[in-house]
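Read the structure below first, then the notes.
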Amino acid sequence: MTTLESSGPPNEAGNVARLGIVRPPLVYLVSIVVGALVHLAAPLPFVTRTLAVPLGASVVVVAIALFSFSVAKFRAAGTPVPARKPTTAIVRTGPYRFSRNPIYLAFSVFHVGIAIWVNSLWLLVTLVAAVTLIHCVVIPREEQYLERRFGAQYLDYKRSVRRWL
């Protein structure tokens, strides 16, 4: 883990990632709601009924565990999880050894688990849209912020750890 002391007020320009209205939890939530609504209107199952609940529930549990472990590593490093607060450390332990974005990975796995659990191909379709938005808009903005804030330390981490998995 690399730490950086914060200087200036927390809302100082450039001190936080500027995501605009594209907030990752909201992106996934909207994606799940839209997929569920489409599923209610025109169901499109993709797994057998006997597998849907046990497999979906298992995948959801894995996602919750990954999310919890990732958040715990941020907290242990003393850096906030929400992007609206300044990042104070580059976390390189736990799931961050394998993925620069394990929280987004957890959100995506959770979405897959829900899709399997309710047996909705539509939820997988909306997941593609959510992941595309996260990959093409959110992550690049966060990476630019982290490059400005941590410089070579973040670039080294970026070179050594994949974005997703």
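The values are calculated or read from the model by the stated rules, or taken from the named source; none is laboratory data. Bear in mind that the values here come from a model prediction, so they are computed numbers and not experimental data. Neighbour counts are summed over all protein chains in view; Cβ atoms, including those assigned to glycine, are modelled from backbone coordinates with ideal geometry. Protein only, heavy atoms only, side chains kept; ligands, DNA and RNA dropped before computing areas. Shrake-Rupley method; radii C 1.70, N 1.55, O 1.52, S 1.80 Å.
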message: Based on this model, can you work out whether Pro45 counts as part of a helix (DSSP H, G or I) and either touching a Gly at 6+ places or on another chain (Cβ under 9 Å) or open to solvent by 40 Å² or more (accessible area, probe 1.4 Å) (or both)?
response: no
- request: State whether the residues of region 18-27 include one that is part of a helix (DSSP H, G or I), farther than 20 Å from Val138 by Cβ and open to solvent by 70 Å² or more (accessible area, probe 1.4 Å).
  value: no
message: From the list Val81, Val138, exactly one residue is open to solvent by 30 Å² or more (accessible area, probe 1.4 Å) and in contact (Cβ under 8 Å) with a residue 12 or more places away in the chain. Which is it?
response: Val81
task: Quick one: in region 62-78, of everything that is of a type in the set (Gly, Ala, Ser) and open to solvent by less than 40 Å² (accessible area, probe 1.4 Å), which residue is nearest to Val109 (Cα to Cα)?
output: Ala63
field: From the options Leu165, Leu133, Leu146, Leu155, residue that is farther than 22 Å from Leu44 by Cα, touching a residue at least 60 places away in the same chain (Cβ under 8 Å), surrounded by fewer than 16 Cβ atoms within 10 Å (Cβ to Cβ) and of a type in the set (A, V, I, L, M)
entry: Leu165
message: Checking the structure you have, find out if any residue of region 111-130 is open to solvent by 20 Å² or more (accessible area, probe 1.4 Å), touching a residue at least 40 places away in the same chain (Cβ under 8 Å), over 25 Å from Ser58 (Cβ atoms) and not basic (Lys, Arg).
response: no
- line: Scanning region 20-51 residue by residue, those in contact with a Phe, Trp or Tyr (Cβ under 6 Å, 6 or more places away or on another chain) and either of a type in the set (A, V, I, L, M) or without any contact (Cβ under 8 Å) to a residue 24 or more places away in the chain (or both) turn out to be Val38, Leu44
